[in-house]
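S.K.: I have a structure here, written as structure tokens, and I will follow up with some questions on it.
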Amino acid sequence: MSGANTDLTPAQRERLGERLQAGCAALGIAPTAAQHNQLIDYLQLLVRWNRAYNLTAVRDPDEMVVRHLLDSLAVLPHLLGERVLDLGTGPGLPGLVLAIAVPECRVRLLDSNGKKVRFVRQAVLELGLANAEPVQARIETYRPGEKFSTIVSRAVAATDVLRVRETGLLDTPGRLLLMRAHHPEVDAAELPTEPFTVHRLQVPFLDGPRHLIAIEND
């Protein structure tokens, strides 16, 4: 992977790797050595591109391990099936991390921001992820002609994500996952009209709650 570790010193990579390993252990996840290295290489790419393109407000690599890698990995037990759509993926969160962690899943990474999609394409190329496909498109007009068993979103407004139920993108059975910092009852706009389940995610080293709204399409 050309240049994947040029900006982090070996000592920094080792420290970040130890933090990631400890967090994965707390989550009950055991990535292979190759997956572990891919996650750190992805973080390195994000650090480098973020300096020029402002892809994320999180600047500290140690915080990126927690707020980006571990936060995304906490969703793993809630995935359904092997066809995943990440709506508003931004710099590949959580979809690119999930593609690394679950190579048998096919992950579509959707965003309308060309700058962020260019980064995700480069990351997919450098990391050699054959199961991840970046797509630049708007949610309201995206019609790929296939359905997804899990649709997940971390950054898109709940009202926009919930509209995908009307687009035919979610398979039956299927699962819609909305990642949120606060409990949805704090904001009535976050509450779906259909039945849903709220899971409290325990993200290692993170001060503050994380929640996952899960809607089943049976």
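S.K.: Please specify each residue of region 34-59 satisfying the condition of being of a type in the set (D, E, K, R) and at pLDDT 95 or above.
M.R.: Taking region 34-59 first, the residues of a type in the set (D, E, K, R) are 41, 48, 51, 59.
The answer is Asp41, and nothing else.
S.K.: Please pick out the residue among Leu45, Leu27 that is outside the structural domain of Leu98 (by TED's automatic domain parsing), crowded, with 20+ Cβ neighbours inside 10 Å, in contact (Cβ under 8 Å) with a residue 40 or more places away in the chain and not acidic (Asp, Glu). Show your work before the answer.
M.R.: Values: Leu27 fails: crowded, with 20+ Cβ neighbours inside 10 Å.
Exactly one of Leu45, Leu27 is outside the structural domain of Leu98 (by TED's automatic domain parsing), crowded, with 20+ Cβ neighbours inside 10 Å, in contact (Cβ under 8 Å) with a residue 40 or more places away in the chain and not acidic (Asp, Glu), namely Leu45.
S.K.: Let me ask something else about it. Pairs only if they're at least six apart or on different chains, beta carbon under 7 angstrom, first in region 80-103 and within 19 Å of Leu170 (Cβ to Cβ), second in a loop (DSSP other than H, G, I, E, B) and small (Gly, Ala, Ser); list them, first residue then second.
M.R.: Gly88/Ala155
S.K.: If I go through region 127-156 residue by residue, how many of them are out of contact with any helix residue (DSSP H, G or I) (no Cβ under 8 Å at 6 or more places or on another chain) and among the aliphatic types (A, V, I, L, M)?
M.R.: The number of residues fulfilling the criteria is 3.
S.K.: Where in region 130-218 are there strands (runs of 3 or more DSSP E), lying wholly inside it, with at least 1 residues that are closer than 20 Å to Ala101 by Cα, acidic (Asp, Glu) and at pLDDT 95 or above?
M.R.: Details: elements: 132-136, 148-153, 170-180, 197-201, 210-217.
Output list reads 132-136.
S.K.: Quick one: is Val84 over 30 Å from Pro144 (Cα atoms) and either at pLDDT below 95 or touching a Lys or Arg at 6+ places or on another chain (Cβ under 8 Å) (or both)?
M.R.: On the way: over 30 Å from Pro144 (Cα atoms): no; either at pLDDT below 95 or touching a Lys or Arg at 6+ places or on another chain (Cβ under 8 Å) (or both): yes.
Taking the combined requirement at face value, the residue does not satisfy it.
S.K.: Pairs, please: C-beta under 6 Å, at least 6 apart or cross-chain, first residue of a type in the set (D, E, K, R) and in region 146-157, second not in a strand (DSSP E or B)?
M.R.: Here the result reads Arg154/Leu93; Arg154/Pro94, each pair linking region 146-157 to a residue that is not in a strand (DSSP E or B).
S.K.: If you scan region 66-100, which residues turn out to be surrounded by fewer than 23 Cβ atoms within 10 Å (Cβ to Cβ) and of a type in the set (S, T, N, Q)?
M.R.: Listed by number, the list is empty, since nothing qualifies.
The values are calculated or read from the model by the stated rules, or taken from the named source; none is laboratory data. Small disclaimer: the values here were computed from a predicted structure and weren't measured. Positions of Cβ are generated from backbone atoms using ideal geometry, with glycine treated the same way; all protein chains shown enter the neighbour counts.
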